[in-house]
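This report concerns only the one structure given below.
The values are calculated or read from the model by the stated rules, or taken from the named source; none is laboratory data. Keep in mind that this is a model prediction, so the values were computed, not measured. Counting neighbours? That spans all protein chains shown, and the Cβs are built from the backbone with ideal geometry, glycine included.
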Amino acid sequence: MALDWPPLNARTVTALPKPAPIADALQLEAALHLLRASGYECARTPPSLRDAAWLQTVIESLCDLSSRDALTGLANRRQFELVLEGELDRVARSGEMALVLLLDIDHFKAVNDEHGHAAGDLVLQAVAQRLNECVRPMDTVARYGGEEFAIILPNCSPAFGQAVAERLRRRVASRPVGVAVHTDLRITVSVGGAYASPWVRSSVKLWMERADTQLYRAKEAGRNRTSLEPAAMSDVSAEEKGMLFSMATLPAELSPPELDASHFPRFPE
Amino acid sequence: MNAPAPQSTGSTPGAARIVAITSGKGGVGKTFVSANLAAALAQQGKRVLVLDADLGLANLDVVLNLHPKTTLHDVFTGSATLAQALLPAPGGFTVLLAGSGLVEYSRLTPQIREQLTQVIDTVRPRFDVVLLDTGAGISDVVLYTISLADEVIVVATPEPTSLTDAYATIKVLAMQQERRRVNLLVNQVARSGDGRVIAQQLRQVIDRFVCGATGQSFSLELLGDVPADTGVRHAVVKRQLLMSLQPGAPASQAIVQIASQLSKLPTFKAPEATT
């Protein structure tokens, strides 16, 4: 392939739906045209319709094409949701932690309004590339829609999640994006994230909702920051304990005892 | 309800409702509650199974004065069938005992997960209610067992340590298992009504520190409180159910009340195939 997009990783490729065989030549011609127009190299005149290896390449190229976002080369939303579905299943069975991050470019509308849509496209491409540079091969980076990106990080413990989110945020903000000669834009993203619940059969909707809540918080807090839903912790802070036992409404035996000076040991003067 | 209870896939008509009974701290009467609640539910005409899911340190057999020949351990090792390990208990319900001191089961391995799930899937169609008497604390095994349940009951007593541990348990369930509802049972209260005050107190802390952190709603439902009752100690020493020994005792009546409260929960109200 002549494309310089990074390959979608092995996990995502195995998760692709099996395509129906291309039956008639007309459809095949249309498919080849589409592939050619999209920059795929395999789309030459068929040596013969029975050439299995050649057909396989065509099918794989079509799968690749239909699972990618055309502008950025990232996984598209449909592909992302397929991978997320598979990850939920794995988490429910293995009890392993997985993290979903939702990222939104700050003030993207202003970029489009002030510099035009071509500049907006360049910004989207630059952000996509920077995000892709700082994840593991097993992670899936997707364009979730508009100026929103989503990342699945399988087997990501809470000890590292915050660091990954910060790294992504900093990488995007690290240097300006050139959208025209002498026009460099400072671009930042807000990041929200939520961990999957181990052993629990959750849903794509609920998991994304939780990440979205955190993204909203990151935006509320002033943008260009990260907000991850805290992973469950069993320890109870002093502040929580304080509140748990503070109220006068508690039964008498739970309220702190009145201090009585006679209970203190006396020291000889 | 737009928030599905975890693992609610199995709550089809005719399948048992799975209820996990847990507590952050040991010694709050969790097993006493499980056994007597099972008897109260059986009195309502329900087919009830109590599964001793405290695999490391089980003592349901002690509470019920049973001397089982076959336990869950035998089922896990393949030396007995599940049917052989289902034993009738006094009080009109069925028990599945873990066998005491199976320390090798205190760590959650993939095999144990698989086996526990299989056992629950197998018994589910034959009962109306399955009570999972979990271990104390929030170990892997306990959290996994709870993840299999439609409903969770956290048992606490009005002591600071018990309340703190109950709160820690609720917090983990809300934040790690996407639970949107947990039921509270306050045992050994001095006055009836204390449970309500304690539940309210817990709710305030949950609102601030759990909902505040996750942005999700959470409801703590008070199932009821059980008064401290000298009859309880008496029954435990005699190794009998309080429900049978002193059905009129305040604690027995409270348990009956809690059983009917439990039956009113949304997961229980779903249409049942058999009556």
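Pairs meeting the criteria (first residue in the stretch A:52-65 and farther than 13 Å from A:His33 by Cα and at pLDDT 85 or above, second residue surrounded by 16 or more Cβ atoms within 10 Å (Cβ to Cβ) and of a type in the set (Phe, Trp, Tyr), beta carbons under 7 Å, at least 6 apart or on different chains) are lacking.
Of the residues B:Arg196, B:Arg191, which is within 23 Å of the chain's Cα centre (by Cα) and of a type in the set (Lys, Arg)?
Numbers: B:Arg191 fails: within 23 Å of the chain's Cα centre (by Cα).
Step by step, each of B:Arg196, B:Arg191 is checked, and only B:Arg196 is within 23 Å of the chain's Cα centre (by Cα) and of a type in the set (Lys, Arg).
Listed here are the residues, each with its yes/no results for (1) surrounded by fewer than 19 Cβ atoms within 10 Å (Cβ to Cβ); (2) closer than 30 Å to A:Tyr195 by Cα; (3) of a type outside the set (Gly, Ala, Ser); (4) in contact with a Ser or Thr (Cβ under 7 Å, 6 or more places away or on another chain).
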{"position": "B:Leu223", "(1), (2), (3), (4)": "no, no, yes, no"}
{"position": "B:Pro227", "(1), (2), (3), (4)": "no, no, yes, yes"}
{"position": "B:Gly248", "(1), (2), (3), (4)": "yes, no, no, no"}
{"position": "B:Ala254", "(1), (2), (3), (4)": "no, no, no, no"}
{"position": "B:Leu262", "(1), (2), (3), (4)": "no, no, yes, no"}
{"position": "B:Thr267", "(1), (2), (3), (4)": "yes, yes, yes, yes"}
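Just so you know, in the stretch B:203-221 the residues that are within 14 Å of chain A (Cβ to nearest Cβ) and among the hydroxyl-bearing types (Ser, Thr, Tyr) include one that is surrounded by the most Cβ atoms within 10 Å (Cβ to Cβ), and it is B:Thr214. Residues of the stretch B:172-194 that are in a helix (DSSP H, G or I) and more than 7 Å from chain A (Cβ to nearest Cβ): B:Leu173, B:Ala174. One residue stands out among those in the stretch B:122-142 that are among the charged types (D, E, K, R) and away from every other protein chain (no Cβ under 14 Å): the one that is surrounded by the most Cβ atoms within 10 Å (Cβ to Cβ), which is B:Asp133. Just one of the listed residues (A:Ser174, A:Ser157, A:Ser203, A:Ser190) is in contact (Cβ under 8 Å) with a residue 40 or more places away in the chain, touching an Asp or Glu at 6+ places or on another chain (Cβ under 8 Å) and of a type in the set (Ser, Thr, Tyr), and it is A:Ser190. Put simply, of A:Thr57, A:Thr72 the only residue that is hydroxyl-bearing (Ser, Thr, Tyr) and not in a helix (DSSP H, G or I) is A:Thr72.
Screening B:Leu241 with (1) closer than 19 Å to B:Asp133 by Cα; (2) within 11 Å of chain A (Cβ to nearest Cβ); (3) not β-branched (Val, Ile, Thr) gives one miss only, at (2). Number of residues in the stretch B:219-240 that are of a type in the set (A, V, I, L, M, F, W, C) and at pLDDT below 95 equals 5. For residues that are surrounded by fewer than 16 Cβ atoms within 10 Å (Cβ to Cβ) and within 7 Å of chain B (Cβ to nearest Cβ), scanning just the stretch A:246-258, find the one that is modelled with the lowest pLDDT. Among those that are surrounded by fewer than 16 Cβ atoms within 10 Å (Cβ to Cβ) and within 7 Å of chain B (Cβ to nearest Cβ), it is A:Thr249. Picking from residues in the stretch A:108-163 that are surrounded by fewer than 21 Cβ atoms within 10 Å (Cβ to Cβ) and of a type in the set (Lys, Arg), the one that is nearest to A:Val177 (Cα to Cα) is A:Arg130.
Could you please give the count of residues in the stretch A:192-237 that are over 14 Å from A:Asp106 (Cβ atoms), surrounded by fewer than 22 Cβ atoms within 10 Å (Cβ to Cβ) and more than 9 Å from chain B (Cβ to nearest Cβ)? Selection size over the stretch A:192-237: 4.
Just to be sure before I move on: is B:Thr145 within 14 Å of chain A (Cβ to nearest Cβ), buried (at least 22 other Cβ atoms within 10 Å of the Cβ) and in contact with a Leu (Cβ under 7 Å, 6 or more places away or on another chain) in the structure I sent? Criteria met by B:Thr145.
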